[in-house]
Amino acid sequence: MTTATQTRGHCQLCGRQQAVRGGMSAHGYTVANGWFQGVCQGHHHKPLETDRSITDQMVIDVTAQASALRIKADETLLGQHDPVEYDTGRRTFLDGKRTPIMAQFADAGEYRQQEIRKQMAWSLTSRAKAGEDFAKFMGALADKVHGQPLAIVAKPQPAERIQAGEQRIDAKGRVLTAKYQDGQRLHYTFTRESGAVLTTWMSPRSWRMLQAV
């Protein structure tokens with residue numbers, strides 16, 4: 001890899017293309033229904049282009065977990081996994097925090113109990129489908145890229161720092177004036193109708209998406 005290019009390969013656990021520097025670079029990953037959160041552990045392994053053993057085992061494991069979730073969903077509808085308490089959907093304030101009001105499942109009427117079971121079963125089935133879709137995606141990706149060469153791509157040029165005094169117009173038509181950029185925070189000022197001048201911040205990316213003055 002030169003200073004102008006970057007070697008990239010696909011992660012065996014999340015499927016995303018990442019930089020390869022000896023091994024996969026560390027990267028974060030989040031997916032719905034809790035299959036992955038936080039830092040993806042795929043950076044401990046070789047890219048999918050050169051090794052698919054971790055992906056293949058993960059597909060087997062996730063498929064098995066999804067199957068177990070579907071079985072549990074069916075059992076839930078039959079009343080085999082009833083909760084002790086359930087969320088009534090109402091809220092109260094405790095110590096200044098909005099807190100759900102819970103109730104005993106055994107005290108709920110038969111119709112309400114069945115609705116709770118249906119909701120629990122739906123959540124389990126949804127998570128199972130997410131796992132099945134993910135396993136299918138990763139299996140297809142492995143078939144597609146395993147054995148292929150790693151990609152050599154041009155490094156993106158870093159965006160220039162936003163200079164003090166640069167101005168943008170927000171959705172409300174207010175003129176925003178940049179003060180200084182601190183990492184991923186662009187501090188700026190704007191004037192309210194009352195004449196008060198306020199200072200706040202947004203990401204540099206959000207700033208660049210606004211209309212220039």
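Each value in this text was obtained by applying a stated rule to the coordinates, not by laboratory testing. As the structure is a computational prediction, the values presented were derived from the model and not from experiment. Neighbour counts run over all protein chains shown; Cβ positions are idealised from the backbone, glycine included.
For this structure, a couple of remarks:
- Local electrostatic count, Q18, Cβ distance below 13 Å [Lys/Arg +1, Asp/Glu -1]: +3
- Label-to-label distance, nm, for residues given as R208 and A4 (7 Å Cα→Cβ offset): 2.2
- Over all other residues within a Cβ to Cβ distance under 11 Å of T177, the charged ones net out to +2, with Lys and Arg as +1 and Asp and Glu as -1.
- The modelled label-to-label distance for the pair R112/A196, using points 7 Å beyond Cα in the direction of Cβ, is 4.5 nm.
- The mean of 1/r over all pairs of different alpha-carbon atoms in the range 59-143, once inverted, gives a Kirkwood hydrodynamic radius of 14.9 Å.
- The chain, Rg to Rh (Cα coordinates; Rh as Kirkwood inverse mean 1/r): 1.13
- Nonlocal Lys pairs with alpha-carbon distance under 24 Å, the chain (8 or more apart, or different chains): 9
- For the range 160-213, GluC sites (Glu not before Pro) meeting the loop criterion (DSSP other than H, G, I, E, B) and having at most 11 other Cβ atoms within 10 Å: E160, E193.
- Summary of the geometry: the range 131-185 and the range 73-116, compared by the centres of their Cα atoms, lie 41 Å apart.
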